[in-house]
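Just below is one structure, and these are the notes that go with it.
The values are calculated or read from the model by the stated rules, or taken from the named source; none is laboratory data. What you see is a predicted model; the values in this text were computed from it and never measured. Methodologically, a virtual Cβ is constructed for each residue, glycine included, from the backbone with ideal geometry; neighbour enumeration extends over all protein chains shown.
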Amino acid sequence: MKKTLLGYMPDESFIYHVHPSVKVLFLLVVSLFPMFISAVEWNAALILFLIFLLVVSRVSLRIIKIYIPVAISMGTIILLSYTVLGGRHPEFSIVGSPLGVPIYWERIRDALVVYFRILPMILTMVFFLSTTREREIVAAFRAARIPFVVTYMIAMSMRAAGMVLEDFRIVRQAEQARGFDTKGKSLPYKIRKYVAYMIPLFALSLRRAEEFTNALVARGYSFRSNVKRPDYILSRYRFRWWDALACLVIMAGFAALLAARYGYGKFTLEDSIFLDWLGGRLLSGAAA
Amino acid sequence: MSETNKEDSVWTVLEGERRSVGVIHIVITALLIGIGFVVGAFGSISFPLGFGVNFFWTGIAVQQIGPIWFGGWGIIAGVIFPFFSNAIAGTPFYVSLAYIPANFVQAFLPAFAMKKLNCDPRLKKGRDYLVLFVAMVVSSAFGAIYSPLVVLKGFGLLTVESLPLFMWGWFGGNVVAGVVFNFVLLKALSGVVIKTPAFVKKWWS
Amino acid sequence: MNHHAVEIIDYTWKYLHGTGEAVSGLNLTVEAGECIGLIGSNGSGKTTLVNSIDGLIPGQYHGIKTGEVRVFGTEVEEYKRGELQREVGLVFSDPEAQFTAMTVEDELVFGMENLGLSLKEIQVRLDWACELADLGSMLEKPPYEISGGQKQRVALAAVLAMQPKLLILDEPTAMLDPISRARVFDVLARLRKERDITMILIEHTLEHIIPLVDRMVLLGEGKVLHQAPTREFFDDLTLLREQGVLPPSVVGFSGWLRESGRVDGPSALSIEEAADQARQARGGE
């Protein structure tokens with residue numbers, strides 16, 4: 001198993017043969033796809049495609065479980081925002097008025113469109129985080145000729161996040177060893193405890209800053225150095241023909257999407273069979 | 001503000017004092033991003049309103065204290081870490097990207113006010129508390145107006161009618177968490193931080 | 001001109017916010033190819049001294065410096081940025097605190113990249129350091145997920161890969177269990193045998209450094225209190241005990257035999273030597 005940003009992945013996954021630059025390009029471009037799609041079923045297809053990618057990459061789908069509460073809370077907020085908090089619009093078609101609050105079909109439709117845009121965007125991020133290793137981000141940045149000091153800062157941040165989590169665990173254990181426990185306590189109590197955790201957490205990080213700096217300087221690091229770095233990390237990743245093909249497919253897919261949307265009016269609300277069907281059902285139900 | 005006060009100020013570079021940007025500033029930026037990532041994600045996951053907006057955002061402590069202690073390095077961290085903490089909490093990539101101006105103002109303004117008005121980060125006088133509090137309120141108000149209005153509405157994630165909920169959520173989530181954390185942390189740790197080579201008197205060293 | 005590896009002349013350092021002088025009028029010379037053991041109680045100035053030799057002081061700390069710290073003939077402050085670290089390698093006591101990369105491989109390579117070595121040279125040195133420290137199987141692992149002993153071997157190998165002329169180890173086994181500690185010292189012993197490297201070793205477990213070092217230096221209150229070739233160093237056990245240095249059991253036993261007049265001659269430094277002295281003492285009774 002190899003550690004990725006969001007968990008572990010089996011050694012046999014094909015994703016290790018994909019150049020890190022392709023993964024970053026995938027994140028940046030495919031995250032944009034849903035923004036140009038209003039027809040819900042197409043974004044649903046994109047969701048299925050992303051799940052398919054997760055499966056063939058041998059990512060445990062348990063990872064998605066972490067995001068189910070987030071997806072539900074976002075869905076609820078979007079739905080409430082568009083329906084209950086959506087205001088009064090006499091020009092829209094009412095599908096029902098629970099507790100006297102008019103619920104419009106157009107608002108439900110818009111909520112669905114927005115929600116089905118958000119889900120693939122989240123999944124693209126999940127795919128990226130669960131199939132990418134920390135060093136691959138550095139490799140992708142270095143391949144893009146981003147200055148070493150920037151890529152190194154990002155890499156160190158990721159490392160620091162792991163350390164902070166570890167420090168947090170240690171501080172919490174130390175607090176618990178002295179009889180503090182937040183289990184079953186009120187929210188204000190938990191917040192007070194959280195403040196108490198933050199002070200040692202910051203203090204530890206300050207100490208680490210000094211140690212880290214010494215370690216870097218002792219190993220000859222200077223961000224003003226004129227020495228040309230050989231970028232060893234890039235020698236560990238080769239950009240092969242399939243990487244070029246993947247980039248081409250991603251970019252061509254995006255270009256095709258834009259052309260279909262703005263040249264031929266595809267992927268629009270009017271183009272959605274599902275929304276047509278749902279609107280018909282809800283409105284006919286309301287009329288009955 | 002009297003001149004005598006200014007000479008005593010922690011922000012004043014003493015005659016003959018050598019200060020320069022060092023590796024430690026790069027390191028401290030990275031560490032702040034790391035801490036912000038963890039505590040910010042904690043806030044985003046524990047108290048979510050949605051799309052990275054929380055009704056108690058713990059990340060504000062790192063975002064506003066970092067720049068007070070470490071100047072521009074803290075601001076860089078304060079702008080970058082929400083991007084990571086939001087990502088892990090399920091906020092889409094481009095929504096996080098669009099939050100950058102709000103995060104910049106929230107990080108920059110309290111540090112700017114403390115430096116400009118010659119306030120001591122050790123919070124020695126009532127005035128130091130007041131300036132920091134006002135700066136926290138104003139910067140969070142900017143974030144609260146900008147983000148839901150420009151970002152969430154711009155992305156079509158919310159209706160106009162539901163914006164106040166998100167604006168108050170953002171504002172309250174930041175100010176309440178800021179009040180809870182910022183004063184305590186500054187009071188407890190500024191004395192130590194000032195003595196370290198990482199402390200920044202101007203903006204970069 | 002043949003320079004000393006390290007030459008410290010009347011060196012005093014006071015941290016800006018410190019209470020007193022961390023190092024006070026210290027004089028010390030280390031010859032090229034020599035291995036010295038630096039001991040002393042906490043706060044005696046050991047870490048300040050080695051940080052000064054590696055240029056971390058005054059580079060990374062605010063303070064007041066007088067005197068000279070010369071490394072291979074040049075004052076440390078006269079070295080260009082990053083140049084001193086080509087000559088001097090420093091291994092810290094907490095391996096975790098010195099990791100700068102996300103895989104063991106990147107960790108080992110980081111310093112060599114800073115030196116601007118070619119990829120070919122990096123690969124050669126990487127293979128050598130891995131073999132020396134027995135790290136071949138863990139190159140892909142995050143350095144913070146391996147055991148304590150492995151971590152310190154990674155930290156050591158990362159510095160060795162830079163092939164410094166002077167290697168400083170600041171309590172490299174302070175956080176390790178006895179087996180891991182022994183493995184680190186095995187690596188150092190092999191290194192001494194295979195390479196003509198100058199070494200300064202700070203360590204509290206004297207039984208490990210005694211076989212390794214040519215000379216011992218005792219620091220106290222920022223000064224050199226006593227220095228001598230390893231065997232002679234343990235002649236005056238009273239002074240060592242006064243300074244809080246507990247000699248290894250073998251040396252203590254030998255000292256007792258000598259102090260009580262049962263044997264003559266220098267201190268024993270190994271079990272075999274102590275056994276010989278014991279036999280000699282019994283023969284004399």
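Things worth noting here:
- When the stretch C:216-260 is filtered for residues that are touching a helix residue (DSSP H, G or I) at 6+ places or on another chain (Cβ under 7 Å), surrounded by 21 or more Cβ atoms within 10 Å (Cβ to Cβ) and of a type in the set (Phe, Trp, Tyr), only C:Phe234 remains.
- With respect to being in a loop (DSSP other than H, G, I, E, B) and over 13 Å from B:Asn182 (Cβ atoms), B:Leu157 fits the description.
- Pairs are defined by a Cβ separation below 6 Å, a sequence spacing of at least 6 or placement on different chains, a first member in the stretch C:102-130 that is more than 9 Å from A:Tyr232 (Cβ to Cβ) and at the interface with chain A (Cβ under 7 Å from one of its Cβ atoms), and a second member that is assigned to a helix (DSSP H, G or I) and modelled with pLDDT of 90 or more; the pairs so defined are C:Gly111/C:Ala158.
- For the stretch C:19-32, the set of residues classified as surrounded by 15 or more Cβ atoms within 10 Å (Cβ to Cβ) and touching an Asp or Glu at 6+ places or on another chain (Cβ under 6 Å) is empty.
- Only one of the listed residues (C:Glu207, C:Glu259) is of a type in the set (D, E, K, R) and more than 19 Å from the chain's Cα centre (by Cα). That residue is C:Glu259.
- Residue list for the stretch C:214-236, restricted to those being among the hydrophobic types (A, V, I, L, M, F, W, C) and under 20 Å from C:Phe72 (Cβ atoms): C:Val217
- Within the stretch A:125-165, the set of residues being of a type outside the set (A, V, I, L, M, F, W, C), over 23 Å from the mean Cα position of the chain (by Cα) and either within 12 Å of chain B (Cβ to nearest Cβ) or assigned to a helix (DSSP H, G or I) (or both) comprises A:Pro147 only.
- Any pair with Cβ under 8 angstrom, 6 or more apart, that starts in the stretch A:222-243 at a residue that is more than 7 Å from every other protein chain (Cβ to nearest Cβ) and ends at one that is β-branched (Val, Ile, Thr): A:Trp242/A:Val18; A:Asp243/A:Val18; A:Asp243/A:Val22
- For B:Ser139, the conditions (1) surrounded by fewer than 17 Cβ atoms within 10 Å (Cβ to Cβ); (2) within 30 Å of A:Val195 (Cβ to Cβ) are fulfilled apart from (1).
- Filter pass, A:Leu80 being in the same structural domain as A:Phe267 (by TED's automatic domain parsing) and part of a helix (DSSP H, G or I): yes
- One residue stands out among those in the stretch B:163-193 that are closer than 24 Å to A:Leu201 by Cα and among the small types (Gly, Ala, Ser): the one that is nearest to the other protein chains (Cβ to nearest Cβ), which is B:Ala188.
- Residues that are crowded, with 22+ Cβ neighbours inside 10 Å, at pLDDT below 90 and either part of a loop (DSSP other than H, G, I, E, B) or away from chain A (no Cβ under 13 Å) (or both) within the stretch C:62-99 comprise C:Phe92, C:Phe99, listed in sequence order.
- Candidates are the residues of the stretch B:45-67 that are more than 9 Å from every other protein chain (Cβ to nearest Cβ) and in a helix (DSSP H, G or I); the one that is modelled with the lowest pLDDT is B:Ser46.
- The lone exception for A:Ala244 - which of (1) assigned to a helix (DSSP H, G or I); (2) not assigned by TED's automatic domain parsing to the domain that holds A:Val30 it fails: (2)
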